[in-house]
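Asker: Before anything else, here's the structure in question.
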Amino acid sequence: MSKCSSGKNSAEESFSSFNEFIHNDNNTDVICICTPNGYHIQHAENAIKSGYNVLIEKPIGLTKQSCFDLLDYAKSVGKNVFPVLQNRFSPPAIYLKNLVDENRIGKINLVEVNCYWNRDKRYYTQGGWRGTIDKDGNGNISPLRLSNVMGQIRNRNVSVYGQGNTELSD
């Protein structure tokens, strides 16, 4: 685990474990959770219990209930949970947002997104840094990333309907 700071007196420190970090840290505000998906909730809970706000890579958790439980817990102790929403800053998303904000394409009444990204068995059998079925949640959240971008472009929340399955194809 590493700690980095920015600014005039930037520094980097390394720690062998999260416990070592929290026992030696006294000025960190936010911990970034970038571990395999199946560990996000556990690591975020530990960080919040130790007094930190957390920034979590998607997905926050593998079940809707675990996400709600984490958010409720963080709120109850005055901490924040921030999901990573980096696609809002991709060049195509910024371009589309500017088109909408400048009213160059007129009023938007409906947006439909068809997303065919998936992770088949080949992804999981390659090993290395890639995820595993049990720690990834056996699903794909890429369509949710796109709905988030659409909501940001339209400056409001969107209603999302999803249909799919959790089979792995060859």
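The values are calculated or read from the model by the stated rules, or taken from the named source; none is laboratory data. Remember, it's a predicted structure, so these values are computed and weren't measured experimentally. Because the Cβ atoms are built from the backbone with ideal geometry, glycine has one as well, and the counts that use them run over all protein chains shown. Ligands, DNA and RNA are stripped out before the accessible areas are found, and what is left, the full protein with its side chains, is counted by its heavy atoms. Shrake-Rupley method; radii C 1.70, N 1.55, O 1.52, S 1.80 Å.
Asker: In region 117-128, what residues are open to solvent by 100 Å² or more (accessible area, probe 1.4 Å) and modelled with pLDDT of 75 or more?
Answerer: Arg122, Thr125, Gln126
Asker: If you take the residues in region 101-115 that are over 14 Å from Val149 (Cα atoms) and β-branched (Val, Ile, Thr), which one is least open to solvent (accessible area, probe 1.4 Å)?
Answerer: Ile108
Asker: Out of Leu62, Leu70, report the one residue that is under 20 Å from Leu85 (Cα atoms), touching a Gly at 6+ places or on another chain (Cβ under 7 Å) and either in a strand (DSSP E or B) or at pLDDT 95 or above (or both).
Answerer: None of the other options fit; the residue is Leu70.
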